[in-house]
Structure formats: C-alpha cells, structure tokens
Amino acid sequence: MLSLHHYLILSGILFSIGALGVLIRRNAIVIFMCVELMLNAVNLTFIAFSRYLGNIDGQIFVFFVMTVAAAEAAVGLALMIAFYKNRESIDVEDINLMKL
Amino acid sequence: MPEILFFSLVAGVAIISSILVVAMRNPINCALSLIMTFFCMATLYVMLDAPFMAATQVIVYAGAIMVLIVFVIMLLNMRTETSKNYVHGVLVSCIVAVLTLFVISGFLAKSPLTGATGNMTPELITKVGHTELIGQAMFTKFLLPFEVTSILLLVAIVGSVILAKRKL
C-alpha cells in the first residue's frame, strides 16, 4: 500500500537534487530552475501531508508557495536581464562585485 | 499493488528528469527536463486526490513560469556552457546534497508524522469537489493571506518593470 513515507522520500530526493543543482551550476537561470525544483519538492510534501492527515490547509499553502514562485520568477528574471545588459553574461562567477 | 508500480514509474521519471535539469549543459534542455518534472508532480497530485492542485501545477508552473524562463533563455541567446566545473566544487556539492538527504531521512525515521487532522476524505472530495473545498478554505479561513498575496504580486509587477526598463 502506498504510504506517506513514499511521497516524503521522493520529495526529499528531489529537494536534494535541487540543492545539488544550486551548488554546482553557474548559469544563473539554471540555478533559478533548481530553486523552483526545490519549491516543488516542498509542495509535494505539503500535498502528501494534507492528503494523509485529511487537512486542506496544506493545499492552501501550496497556493501561496506558487504565488511566491511566480513573483520570484518575474523579479528574478528581470534582474537577470538587467545584469545581462551590463555584463553580456549571467554566469554567477561574474556577479561577484556590487559595483558595475 | 498497481498503485505502487505506477508511483514508482512516475517517481523514477521525476527523479531522472530532475537529475537531467542539473546535468544538462544547455539551459533549454534543463528547462524542458524541468517541465517533465512538473508534469510528474501533477500526476502525483492527482494520485493524492488533489486534482485542482494538479491543474494549477500544469497551468501555473509548467505553463506560465516555464514559458517565462524559456522566453528569457531565448531572449538572452544563451549557449551551452563551455567552461569546466571545478572538480572539488562538484565533490563538495555532492557531499552537501547527500548530507541533506540523510538529514531528511533522519527526520523521517524519527518523527511520528502526525499533525492537525481535518475532515477531508476522498469520499468528501468526490462528493463536494476539490475546487469547492479549496475555495471554501481560501475565502474564509485564509482570506487575509489571500489579500496579502495580491499586494505581493503588485510589488512583483512594479519591481520587474523597474528592473528591466532601461530608463524610467
């Protein structure tokens, strides 16, 4: 029988892969996608708990996570475009100075 | 038993495609693998009796957010990464990721996995409808966070316009 543990382990694995991607990749957009992956792993945890505890509050939380992810996508990508205009690159190794 | 088999299939595809997100050199390939992962997530949400969340996942994540990301990748005309990763950096990152996984499984093994229970059962979901249950909770119990969310979105709109504009 499928239990809560299955979903939580899957979610943990996906979160670790996302964390690995944030650490090893140097393209800012790919790092951003890995953050989205981590957010999704947490969403899966929320929905699995919500289902097995019979409490709908977890699914409402997933909505707020999605909203924050959407806002983060808009602002983050705008930042990357602004940075690319100045440096012609979005490699995070080039983003090591506060000044231009 | 078929449930477990189907779960293993979906989970396997999700894990493989998320590994591809990390491993692929071309950002477009990463984005496409990420869309695959999001679809697997949507499938899992359906298995967890949350069809409305699955629809939202496909529309908002696989649709809106990923279109935005792919659009920016194409706008910036990024090519495949040519620079090599440092070996020790990759090694340390792998160790950190495995440690994260260990900590998560440690919590899983130790904690009793309980919490505030509610009255949402699969029977209720099929009878009333998942969307209606979500709507009731969101517009009664979570009305204030819902309204605050709209302010967050407004801030995001204004912020992204200011950041991406050349001159105001």
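The values are calculated or read from the model by the stated rules, or taken from the named source; none is laboratory data. Keep in mind the model is a prediction, meaning the values are calculated, not measured. Glycine gets a Cβ as well: all are built from the backbone with ideal geometry, and neighbour counts include every protein chain shown.
A few comments on the model shown:
- Taken together, the residues in region A:74-100 that are aliphatic (A, V, I, L, M), assigned to a loop (DSSP other than H, G, I, E, B) and over 15 Å from A:Met33 (Cα atoms) amount to 4.
- The helices (runs of 4 or more DSSP H) falling completely within region B:93-168 that include 1 or more residues that are within 25 Å of B:Leu48 (Cα to Cα) and of a type in the set (Asp, Glu) map to B:122-128, B:130-136.
- Residues that are facing chain A (nearest Cβ under 7 Å) and free of Cβ contacts under 8 Å to residues at least 40 places away in the same chain within region B:39-52 comprise B:Met41, B:Leu44, B:Tyr45, B:Leu48, listed in sequence order.
- Selection of region A:20-34 for residues being in contact (Cβ under 8 Å) with a residue 24 or more places away in the chain and either part of a helix (DSSP H, G or I) or within 13 Å of B:Tyr61 (Cα to Cα) (or both) yields A:Ala28, A:Ile29, A:Ile31, A:Phe32.
- Qualifying residues in region A:48-100 (those that are in contact (Cβ under 8 Å) with a residue 60 or more places away in the chain and under 19 Å from the mean Cα position of the chain (by Cα)) - the one surrounded by the most Cβ atoms within 10 Å (Cβ to Cβ): A:Ile90
- Which listed residue is among the aliphatic types (A, V, I, L, M), touching an Asp or Glu at 6+ places or on another chain (Cβ under 7 Å) and not assigned by TED's automatic domain parsing to the domain that holds B:Cys30, from B:Ile151, B:Ile125, B:Ile134, B:Ile104: B:Ile125
- Here region A:27-41 is the region considered, the condition is being more than 11 Å from the chain's Cα centre (by Cα) and at the interface with chain B (Cβ under 7 Å from one of its Cβ atoms), and the residue that is nearest to B:Val90 (Cα to Cα) is A:Asn27.
- Meets criteria (free of Cβ contacts under 8 Å to residues at least 24 places away in the same chain and buried (at least 20 other Cβ atoms within 10 Å of the Cβ)) for B:Leu34: no
- Residue list for region A:33-45, restricted to those being hydrophobic (A, V, I, L, M, F, W, C) and surrounded by 22 or more Cβ atoms within 10 Å (Cβ to Cβ): A:Met33, A:Cys34, A:Leu37, A:Ala41, A:Leu44
- Taking region B:37-87 as the range and being assigned to a loop (DSSP other than H, G, I, E, B) and surrounded by 17 or more Cβ atoms within 10 Å (Cβ to Cβ) as the test, the residues that pass are B:Leu48, B:Asp49, B:Ala50, B:Met78.
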